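Student: Below you will find the structure I want to go over with you.
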Amino acid sequence: MTDVLAVRYGDDWIHEVNVKEKQPPTSPTSPTVCPTNFILHYAVPGPKNKWSHHSVTMSHTDPRQVASWVKTIRNYLMGLSHRPRKILLFVNPFGGKKKGLKIWEKDVQPLMTIAGIDTKMLVTERVGHARDTLLSADLSDFHAVVCIGGDGTLAEVINGLVLRASRDRQIDPNNSEADLPTPRLPIGVIPSGSTDTVAYSLHGTTDVQTAAIHIIFGDNTGLDISSVHSDRRLLRLYASMLSYGYLGDVIRDSEKFRWMGPQRYDYSGFKKIVANKGYEGEIHLLSDPCHPATSTRCIKNCTRCLQHMHNSIPDKEISRWLTVRGKFFMVNGANLSCGCSRSPMGFSPHCHVGDGCVDVILVRHTSFFNNIRMLLRLSSKQKTLYDLPFVEVYRAREFTFRALPTLHMQSSNEISNRYLKSSLSVWNCDGEVIDSSNVKIRVHCQLVNVFTRRAQEPVHDRTCFC
Ligand SMILES: Nc1ncnc2c1ncn2[C@@H]1O[C@H](COP(=O)(O)OP(=O)(O)OP(=O)(O)O)[C@@H](O)[C@H]1O
């Protein structure tokens, strides 16, 4: 029964049973006509973590029996109080292959109508629109906020909701030590971006129908969110990935080629891999005793995330501070596995969605050949980055990064601004550029609730780390 999406009276009074329902002349529980059949809409799990919508028509000669069944199922569904009844939904028409609106019309709206979810839809018109709306709109009527977009759109929703909750509770988000409040409204993630790593990590697929079904089911899980501070200012909250060096350079460069669509990442990625730049830096991190390579995969009923949800993990006394210096091709703070269809294992396949940690993946500056090796690993369905000799992986609760040229400049004025600029990269934060090099990252354990029943199985199982 938990897989039922909705129940409707049958074609005695319904025209298009799959999509639009003709409203009954009176309340659905007291029909003026006497239907002798009803339609049960339900979801079925399939391979590769996909769910699909199905319906079955059931008949009985006695309309009172049909009415009784419909009433019983409706009462059961009404009792599932975690299912959202009214949602605010943002559509980014601009992300990914610009299919956001089509996805809404073709895949999402019909399912929401079937499930009886009252949806207020808003098409975003500019960068920051979703965030600003969430900071100012009256949200009291809504049970959830949903976005159709990529990781950047989701990040806007998360930033808007958390900043709103902070303001309401008079918590200063610029204080990097502050415990940020959990927003009241859970979040639904429907992928239509270029990479969609959050949807992929949560649902195990970027299938749109699956994402909509997870929202209708209403089951939710706590998702860690990491804050990025610099100079005592909150720059951004992120759910997926923060990356300095190669991916920072790629995102900065690729913005110029947005007209290419998702191919812009291939183009800029190629240019920057050939350039093979290295960046000096120092990472200071509060490491968790659980090393990513020895950790489990995070799927449905993940015990590590459940333990953290109930705060049954002893805290900072078992963590220790470490410092790592060097010249890096890339410095990454992965809040999730960061898998996507092009990189099924992601940067850190053993990363957990709700354990209060980020996986810090440091890729040393090395040869062009090794960079290619790393990219091949990233696109592998079986292998990970963990065992590459020029990659170091840590699990951390917080970390700071300082670009070493900045440190040099503080002690010597000889370095010109031009040299300084070329020796600094930017951060790629969930697909957006952050210019400040020196940052502090802190994980806020299960800060937001997201709709998902989680993946039933790892996207691609593996047997060893060879
Ligand atoms: N109408 C719009 N015009 C221009 N930009 C927009 C508009 N609506 C939203 N945006 C911005 O587009 C940015 C990118 O969107 P999004 O992250 O959804 O797609 P993407 O970058 O292609 O996908 P991904 O982040 O998964 O790689 C977001 O940061 C958002 O602020």
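The values are calculated or read from the model by the stated rules, or taken from the named source; none is laboratory data. These numbers come from a predicted model, not from an experiment. Methodologically, a virtual Cβ is constructed for each residue, glycine included, from the backbone with ideal geometry; neighbour enumeration extends over all protein chains shown. Side chains are part of the model used for accessible areas, which takes the heavy atoms of the whole protein and leaves out ligands, DNA and RNA. Shrake-Rupley method; radii C 1.70, N 1.55, O 1.52, S 1.80 Å.
Student: Can you give the Rg to Rh ratio of the range 232-441, both from alpha-carbon atoms, with Rh computed by the Kirkwood formula?
Tutor: Expressed as Rg/Rh, it is 0.97.
Student: Still on this structure, I have one more. Do any trypsin sites (Lys or Arg not before Pro) in the range 228-306 lie in a loop, going by DSSP, with at most 12 other beta-carbon atoms within 10 Å of their beta carbon, and if so which?
Tutor: Arg232
Student: For the range 226-288, with equal point scatterers placed on the C-alpha atoms only and solvent neglected, what are the log10 I(q)/I(0) values from the Debye formula at q = 0.24, 0.27, 0.28 1/Å, to two decimals?
Tutor: Results for the range 226-288 at q = 0.24, 0.27, 0.28 Å⁻¹ read -1.08, -1.14, -1.16.
Student: Here is a further query. Can you give me the % of accessible surface on the range 86-226 that is carbon or sulfur? Probe 1.4 Å, all protein chains present, nothing else counted.
Tutor: Here carbon and sulfur together make up 45 percent of the probe-accessible area.
Student: If you don't mind, there's one more thing I want to ask. Can you tell me which of 40-50, 76-86 comes out highest on packing, and rank the rest after it, using the mean Cβ neighbours within 10 Å?
Tutor: Ranked by mean Cβ neighbours within 10 Å, highest first: 40-50, 76-86.
Student: Just flag the GluC sites (Glu not before Pro) in the range 101-170 sitting in loop per DSSP whose Cβ has no more than 11 other Cβ atoms within 10 Å.
Tutor: Glu125
Student: Return a single number: how many Lys pairs in the range 232-441, at a sequence separation of 8 or more or on separate chains, have alpha-carbon atoms below 21 angstrom apart.
Tutor: Close lysine pairs under the 21 Å cut-off: 15.
Student: Rg/Rh for the range 174-284: what does it come to with C-alpha atoms and Rh from Kirkwood?
Tutor: On the Cα set of the range 174-284, Rg over Rh gives 1.03.
Student: Kindly report the accessible area of the range 33-152 per residue (heavy atoms of protein chains, probe 1.4 Å, no ligands, DNA or RNA), in Å².
Tutor: Computed with neighbouring chains in place, this is 51 Å² per residue.
Student: Here's a follow-up. Applying 1/(1 + (r/R0)^6) with R0 = 51 Å to the Cβ-Cβ distance of Ser136 and Gln382, what FRET efficiency is obtained, to the nearest 0.05?
Tutor: Between Ser136 and Gln382 the formula returns 0.60.
Student: A further question on this structure: In the range 232-441, carbon and sulfur make up what percent of the accessible area (probe 1.4 Å)?
Tutor: Here it works out to 53 percent.
Student: Another question, then. So what's the projected area for the chain, the Cα convex hull averaged over all directions, in nm²?
Tutor: Averaged projected area of the chain's Cα convex hull equals 23.7 nm².
Student: By accessible area of protein heavy atoms, probe 1.4 Å, what ranking do Ile225, Ile73 get, highest first?
Tutor: Highest to lowest solvent-accessible surface, that is Ile73, Ile225.
Student: Using Cα-Cα distances under 8 Å and only pairs 6 or more residues apart, what relative contact order does the chain have, in percent?
Tutor: Averaging sequence separation for qualifying contacts and normalising by length gives 17 percent for the chain.
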